[in-house]
Amino acid sequence: MSRHLASLLDREQDRIALTWASALSRLRPSAYVFRPLEELRRLGRSYLSELVLYLDTDDPSGLREFIRREAALRLNMGFGAAEVVQGFIAFRDLAQELCAQIVPDDEGRLTLLRSLTEATDFTIVEFVTHFQQLSEEREAAHAQEMEALQRALIDQAVTDETTDLFTARFFDEHLALEVKRAARYGRAFSLVVLDVDEFEAHHGRYGPLAAAAALRATADALREQTRELDIKARTDETEFGLALPETLLEPAMVVADRVRTAVGETPSRVLDGGAALGGDLTVSVGVATFPQHGATARELHRAARRARDHARLLGGNMVIQADEAAGERPAASSG
């Protein structure tokens, strides 16, 4: 009986395809709306040929492949499964109607209609299942893309492109948290601010690539001479910040001078990314400790910067603590 139905559908495919195309073009909303009638007829013939082969051989592979192509196409067009299912339901209804007209025998008609219903129901179930799978895969891929984009945006927001240290915004937020933590638990905390000496002259004499290399060399010295838990950031064009948790003033001065020395020992002609550093590289450094130099992050930062500026006014390449910058007692170190 399946062969009978296959033969019938094959014989009437033009009629069925045209009728289906007309029905699809009237559906609102539908994944098939606004498609040319001839294209819909070709779609109908393609579906009918696979349906006939399925009914004739009981092999669903061809029909399943057709359904999966349709699911991928409709998903790419931005339509939902329900819209496409309307089209298959329309096909089933009109094919049943045509079969009822062509086959006069009640028993034969019933068998044909049952076979046709099973075939179209198989189509619908397969379509919805595969469409849902494709949708979930696409959503998962989209979620991964969004996560990667968010990570990239976060990296851009907290990481300086030239030095690969933290940005000023991140450092300011971290500094405020560290000061609050130190105040709450009565722990030591120190802040170091350093600035590349004569950077504008260095930039003008050796060029932008050498200037960028100087910034990277300073960042490398900060990484090499400090602990992993110490937060290091580029806080301005030539300024760097170093947050030292659990660190009193004297140890902070030692760390600061170690960084100053490491920067000064950077080989002046070492290539960095294809650009030589140029001349000798030095930094001016200021050190402040909580709470004696500031009760808030802003006060502490201001005190460390004031000490840094004082070191720079004295000729650079030295470390000065906030007390001396305020004129209270000397505590400078230089090479």
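Things worth noting here:
- Flag set for VAL158, criterion: of a type in the set (Val, Ile, Thr), modelled with pLDDT under 85, surrounded by 15 or more Cβ atoms within 10 Å (Cβ to Cβ) and within 23 Å of the chain's Cα centre (by Cα).
- Flag if PHE79 is part of a loop (DSSP other than H, G, I, E, B), of a type in the set (A, V, I, L, M, F, W, C) and assigned by TED's automatic domain parsing to the domain that holds LEU48: yes
- Positions within the stretch 292-305 being of a type outside the set (Gly, Ala, Ser) and crowded, with 18+ Cβ neighbours inside 10 Å, in sequence order: HIS293, LEU300, HIS301, ARG305
- Top-ranked residue of the stretch 54-64 - restricted to ones that are more than 30 Å from GLU139 (Cα to Cα) and either surrounded by fewer than 15 Cβ atoms within 10 Å (Cβ to Cβ) or not assigned by TED's automatic domain parsing to the domain that holds VAL125 (or both), ranked as nearest to the chain's Cα centre (by Cα): ASP59
Here's the yes/no breakdown for (1) basic (Lys, Arg); (2) under 26 Å from HIS142 (Cα atoms); (3) at pLDDT below 75:
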| position | (1), (2), (3) |
| --- | --- |
| GLU38 | no, no, yes |
| LEU51 | no, no, no |
| PHE66 | no, yes, no |
| LEU73 | no, yes, no |
| MET77 | no, yes, yes |
| ALA82 | no, yes, no |
| LEU98 | no, no, yes |
| ILE102 | no, no, yes |
| ASP106 | no, no, yes |
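- Among residues of the stretch 236-260, those that are surrounded by 16 or more Cβ atoms within 10 Å (Cβ to Cβ), more than 17 Å from PHE189 (Cβ to Cβ) and modelled with pLDDT of 95 or more, counted: 5
- Residue in the stretch 296-305 that is at pLDDT below 95, outside any helix (DSSP H, G or I) and within 36 Å of the chain's Cα centre (by Cα) present: yes
Here is a yes/no grid of residues against (1) without any contact (Cβ under 8 Å) to a residue 60 or more places away in the chain; (2) farther than 21 Å from LEU18 by Cβ:
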| position | (1), (2) |
| --- | --- |
| SER49 | yes, no |
| GLU65 | yes, yes |
| ASN76 | yes, yes |
| ARG92 | yes, no |
| CYS99 | no, no |
| ASP105 | yes, yes |
| VAL125 | yes, yes |
| HIS130 | no, yes |
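So that you can scan it fast, the table gives a plain yes or no per residue for (1) over 18 Å from LEU43 (Cβ atoms); (2) out of contact with any Lys or Arg (no Cβ under 7 Å at 6 or more places or on another chain); (3) assigned by TED's automatic domain parsing to the domain that holds ASP14:
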residue: PHE91; (1), (2), (3): no, yes, yes
residue: ALA95; (1), (2), (3): no, yes, yes
residue: ARG109; (1), (2), (3): yes, yes, yes
residue: LEU112; (1), (2), (3): yes, yes, yes
residue: THR120; (1), (2), (3): no, no, yes
residue: GLU136; (1), (2), (3): yes, yes, yes
residue: ALA140; (1), (2), (3): yes, yes, yes
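- Only listed residue being assigned by TED's automatic domain parsing to the domain that holds HIS293, within 32 Å of the chain's Cα centre (by Cα), within 23 Å of LEU313 (Cα to Cα) and buried (at least 17 other Cβ atoms within 10 Å of the Cβ), chosen from LEU215, LEU175, LEU194: LEU215
The values are calculated or read from the model by the stated rules, or taken from the named source; none is laboratory data. What you see is a predicted model; the values in this text were computed from it and never measured. Because the Cβ atoms are built from the backbone with ideal geometry, glycine has one as well, and the counts that use them run over all protein chains shown.
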